[in-house]
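> Sharing a structure with you now.
The values are calculated or read from the model by the stated rules, or taken from the named source; none is laboratory data. Since this is a predicted model, take the numbers as computed values, not measurements. Cβ atoms come from the backbone with ideal geometry, glycine included; neighbour counts cover every protein chain shown.
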Amino acid sequence: MHSRPKIIFPEVAVNLYKPANPVEVPIVDNQIATLEASPNKIRHITFDVSGTALEGHIRAGQSIGILPYGLKERDGSPAKVRLYSVASPSRGEDGEGKLIATTIKRVIDEEHDTQKLFLGLCSNYLSDFNPGETVKMTGPSGKRFVLPENADDFNYLLFATGTGVAPYRGMLADLLERPGFRNQVTLVFGAPYSTDLLYYDYFREMSVRHDNFHYLTSVSREGLRPDGRKNYVQHHLMDSQEILEPILSRENTLIYICGLKGMEIGLFSMLVRQGHAGYLKISEELNVKPPEQWDTGDLKKRVRPGDRLFVEVY
Ligand SMILES: Cc1cc2nc3c(=O)[nH]c(=O)nc-3n(C[C@H](O)[C@H](O)[C@H](O)COP(=O)(O)OP(=O)(O)OC[C@H]3O[C@@H](n4cnc5c(N)ncnc54)[C@H](O)[C@@H]3O)c2cc1C
Ligand SMILES: NC(=O)c1ccc[n+]([C@@H]2O[C@H](COP(=O)([O-])OP(=O)(O)OC[C@H]3O[C@@H](n4cnc5c(N)ncnc54)[C@H](OP(=O)(O)O)[C@@H]3O)[C@@H](O)[C@H]2O)c1
């Protein structure tokens, strides 16, 4: 039996630069983050924040803002800031907190009404930059989707879809580089195609080097499950029980969920079905209804993250 340590949230810097006073920083690298053949256009972009208040003050799990300066929103108003999760460890890409990275997906779609090409404003603005050019940055933002100050006291189960994996690239490095960290970490990452398994080599290599880190993937568009459904991250709670049950059953395990809005619903449902409702706060109204009869409305309105579960979905 493992005890449940108190989670100590770290003091983190926030809003050192606001939209009214952004800081101008150079881009030093801009690379494709997927395999070349991927239909999704996702880039790993590195910024040099040395000499600014951001240097050394951004935690893995926080976000920075990008101001698409000079551009206009669809209604003609000046473009607003968009947030991007930091993908680097808290010590930065360079080990000194001077270089930070993000994982940006180009929003490319068709207009819902006219079926004309729809290009997301900021994701395409940012993805087009070359090294040496500068952007206006705000932040950092976010206080709760970070590792606890007493990170060594916990095991971690990290769920991500798409670019939601960005914060875990940094958090994982923070954890596994901590001297003496021996607890368990598992990352479950879902992407549409195997070409979109972001940072695949990095996570694979980490899983080979560290026997306390497991890396599981779910590819949704390259074959269906036996019941005809897509493979989503929550299915690993059934399919990979030999890896996940020993972690989930410990009192000192924390769950983080990041990515597509709505992904948490399927995970909440599967946690309950697998006997791990303890990670959730469930409204009393649901006590009268067996979990197998809960519908999406119940899960959306009457189930909330408990103290050991952190959700950041947009
Ligand atoms: C805390 C946080 C962290 C984030 N981290 C990341 C990250 O690490 N990486 C990342 O890539 N993104 C991340 N995002 C999302 C990011 O902030 C932007 O929302 C995203 O890049 C899209 O911005 P855009 O300016 O390119 O698109 P916009 O111009 O803002 O367009 C997108 C909006 O247009 C609407 N839209 C979409 N498709 C269509 C269509 N076909 N027709 C009409 N309207 C449409 C949608 O409602 C959507 O809100 C994060 C968001 C938050 C809040
Ligand atoms: N800090 C943050 O909050 C943060 C950070 C980064 C990104 N984000 C957000 O994360 C999202 C990532 O989008 P993306 O375009 O990068 O993702 P993507 O490449 O489309 O990948 C998403 C994956 O999740 C699957 N999926 C769809 N619905 C699901 C569900 N209900 N449960 C589980 N899996 C589901 C998708 O499957 P199918 O499409 O095949 O159905 C796909 O395999 C964006 O909305 C971004 O704004 C948030």
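> Please work out which one of (1) small (Gly, Ala, Ser); (2) surrounded by fewer than 16 Cβ atoms within 10 Å (Cβ to Cβ); (3) within 24 Å of the chain's Cα centre (by Cα) is the condition Ala60 fails and give its number.
The failed condition is (2).
> For the stretch 95-109, check the following and say yes or no: at least one residue is within 13 Å of ligand 1 (Cβ to nearest atom) and without any contact (Cβ under 8 Å) to a residue 40 or more places away in the chain.
yes
> Another question, then. Given the criteria within 10 Å of ligand 2 (Cβ to nearest atom), more than 19 Å from the chain's Cα centre (by Cα) and either surrounded by 16 or more Cβ atoms within 10 Å (Cβ to Cβ) or not assigned by TED's automatic domain parsing to the domain that holds Gly95 (or both), does Arg221 qualify?
It is true that Arg221 is within 10 Å of ligand 2 (Cβ to nearest atom), more than 19 Å from the chain's Cα centre (by Cα) and either surrounded by 16 or more Cβ atoms within 10 Å (Cβ to Cβ) or not assigned by TED's automatic domain parsing to the domain that holds Gly95 (or both).
> From the list Arg209, Arg273, Arg229, which one is surrounded by 13 or more Cβ atoms within 10 Å (Cβ to Cβ) and among the charged types (D, E, K, R)?
Selected residue: Arg273, the only one of Arg209, Arg273, Arg229 that is surrounded by 13 or more Cβ atoms within 10 Å (Cβ to Cβ) and among the charged types (D, E, K, R).
> Out of Gly92, Gly51, Gly70, report the one residue that is at positive phi, away from ligand 1 (no atom under 11 Å from the Cβ) and buried (at least 22 other Cβ atoms within 10 Å of the Cβ).
Of Gly92, Gly51, Gly70, the one residue that is at positive phi, away from ligand 1 (no atom under 11 Å from the Cβ) and buried (at least 22 other Cβ atoms within 10 Å of the Cβ) is Gly92.
> Being in contact with a helix residue (DSSP H, G or I) (Cβ under 8 Å, 6 or more places away or on another chain), in the same structural domain as Ile100 (by TED's automatic domain parsing) and in a loop (DSSP other than H, G, I, E, B): is that true of Asn40 here?
Judged against the criteria, Asn40 is a match.
> Restricting the first residue to the stretch 258-280 and requiring it to be in contact (Cβ under 8 Å) with a residue 12 or more places away in the chain and over 10 Å from Leu299 (Cβ atoms), which pairs with a second residue that is outside any strand (DSSP E or B) and among the charged types (D, E, K, R) meet a Cβ separation below 6 Å and a spacing of at least six or different chains?
As it stands, the answer is Tyr279/Arg308, since those pairs meet every condition given.
> Return the pair list, or none, for Cβ contacts closer than 9 Å from residues in the stretch 147-167 that are touching a residue at least 12 places away in the same chain (Cβ under 8 Å) and surrounded by 19 or more Cβ atoms within 10 Å (Cβ to Cβ) to residues that are of a type in the set (Lys, Arg) and in a strand (DSSP E or B), at least 6 apart or on different chains.
Gly162/Lys105; Thr163/Lys105
> Also: Quick one: which of Arg91, Arg74, Arg59 is closer than 22 Å to Val311 by Cβ, assigned to a loop (DSSP other than H, G, I, E, B), among the basic types (Lys, Arg) and not assigned by TED's automatic domain parsing to the domain that holds Ile255?
Every option except Arg59 fails the conditions.
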